[in-house]
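Visitor: The following block contains the structure, expressed as C-alpha cells.
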C-alpha cells in the first residue's frame, strides 16, 4: 500500500562521507602483511561510522578483503567471519 509519497531511499554508502579516514589520506589504509597500523586504528577509534564500515567489510563480498576497515585488519575480520559462520 502506497501513501502517495515517493521519498528517495537513503544511499547505503552515505556513511562514507562521514568517515574519519577521509581526512587522513596521508595514512596507508592498505598496509602490507606484517606492517603495523596503530595510527590507522587511532583514527578508526574516533570515527562516527566505524560500525557501518566494519559491517560493510564483513558482509559485502570482496569489499573488505584487504586493508583496514572499521579498525580491523584482514586477519581480524577473517576471525570474525569464522565465528559468525559457526553460530
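The values are calculated or read from the model by the stated rules, or taken from the named source; none is laboratory data. Just so you know, these numbers come straight off a predicted model, no measurement behind them. Backbone-built Cβ (ideal geometry, glycine too); neighbour counts: all protein chains shown.
Visitor: Hey, among 64, 34, which residue is assigned to a loop (DSSP other than H, G, I, E, B) and over 13 Å from the mean Cα position of the chain (by Cα)?
Guide: 34
Visitor: Residue 17 - would you say it is at pLDDT 90 or above, farther than 11 Å from residue 68 by Cβ and exposed (fewer than 10 other Cβ atoms within 10 Å of the Cβ)?
Guide: yes
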